[in-house]
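Report on one structure; see the data block that follows.
The values are calculated or read from the model by the stated rules, or taken from the named source; none is laboratory data. Note that the coordinates shown come from a computational prediction; the quantities given were computed from them, not determined experimentally. All Cβ positions, even for glycine, are placed from backbone atoms using ideal geometry, and neighbour counts span all protein chains on display. Calculation scope for accessible area: heavy atoms of the full protein, side chains included, ligands and nucleic acids excluded. Shrake-Rupley method; radii C 1.70, N 1.55, O 1.52, S 1.80 Å.
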Amino acid sequence: MKRLTLLRHAKSSWDDTVQRDFDRPLNAKGLRAARTMGDYCRREGLAWDYVISSPAVRCVETLDGFWEGYGKALKPVWDRRVYLASCMNLLDVLHDAPEEAGSILMAGHNPGLEDLVLLLVPDDGAQLRDSLEEKFPTASVAVLEFGGAWADLAARAARLVTFMRPRDLDPNLGPDVA
């Protein structure tokens, strides 16, 4: 059984004066959420053989915070194809993953990550999938399982086993209320 964990980058700062979207950093709330999600994954006993991430600053900083919470840093493969990728491009990246990897963590962006889950997991009315379909917020984690090879991963071939949002762990990490 293969396991795929998808981590959406944490909340970034739109107030920063960077010129390129690629260079946008996390805000303070985003860094807290990344640490919280890393701690959650550590407590749940999640582990990975292989890590793939967008090299965008907000993904790099998300993983930095995530590893702080997790208590151990893993070295990701920085793959430019993950930056703002469609679900089909993300699937291509996964098809290229080493077969010996039993568990992969992919850090990236929406809407690609959300669309990837919706592509891979059949719409069978399960509450977990419905919650994710409603919104895959920043710093959220989705864990999918499937049988077979990475190269054969296809639509409706996976099962969503976990969907956790930062606000599920700490209400202060939920949406800002005006």
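Brief remarks on what is shown
- Residues (assigned to a loop (DSSP other than H, G, I, E, B) and either surrounded by 12 or more Cβ atoms within 10 Å (Cβ to Cβ) or under 19 Å from the mean Cα position of the chain (by Cα) (or both)) located in the stretch 1-10: 9, 10
- Looking only at the stretch 78-128, residues that are over 12 Å from residue 53 (Cα atoms), among the charged types (D, E, K, R) and either touching a Phe, Trp or Tyr at 6+ places or on another chain (Cβ under 8 Å) or assigned to a loop (DSSP other than H, G, I, E, B) (or both) come to 6 in all.
- Looking only at residues in the stretch 6-57 that are among the aromatic types (Phe, Trp, Tyr) and touching a helix residue (DSSP H, G or I) at 6+ places or on another chain (Cβ under 8 Å), the one that is nearest to residue 109 (Cα to Cα) is 22.
- Selection of the stretch 11-63 for residues being among the acidic types (Asp, Glu), modelled with pLDDT of 95 or more and surrounded by fewer than 16 Cβ atoms within 10 Å (Cβ to Cβ) yields 44, 49.
- The residues listed here are 92, 170, 115; of these, the one that is free of Cβ contacts under 8 Å to residues at least 12 places away in the same chain, among the acidic types (Asp, Glu) and at negative phi is 92.
For (1) acidic (Asp, Glu); (2) buried (at least 16 other Cβ atoms within 10 Å of the Cβ); (3) in contact with a helix residue (DSSP H, G or I) (Cβ under 6 Å, 6 or more places away or on another chain), each residue gets a yes or a no:
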| position | (1), (2), (3) |
| --- | --- |
| 93 | no, yes, yes |
| 98 | no, no, no |
| 101 | no, yes, no |
| 104 | no, yes, no |
| 107 | no, yes, yes |
| 111 | no, no, no |
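- For the stretch 137-156, the set of residues classified as in contact with a Leu (Cβ under 6 Å, 6 or more places away or on another chain) and either closer than 17 Å to residue 108 by Cβ or open to solvent by 50 Å² or more (accessible area, probe 1.4 Å) (or both) consists of 141, 142, 144, 150, 153, listed by residue number.
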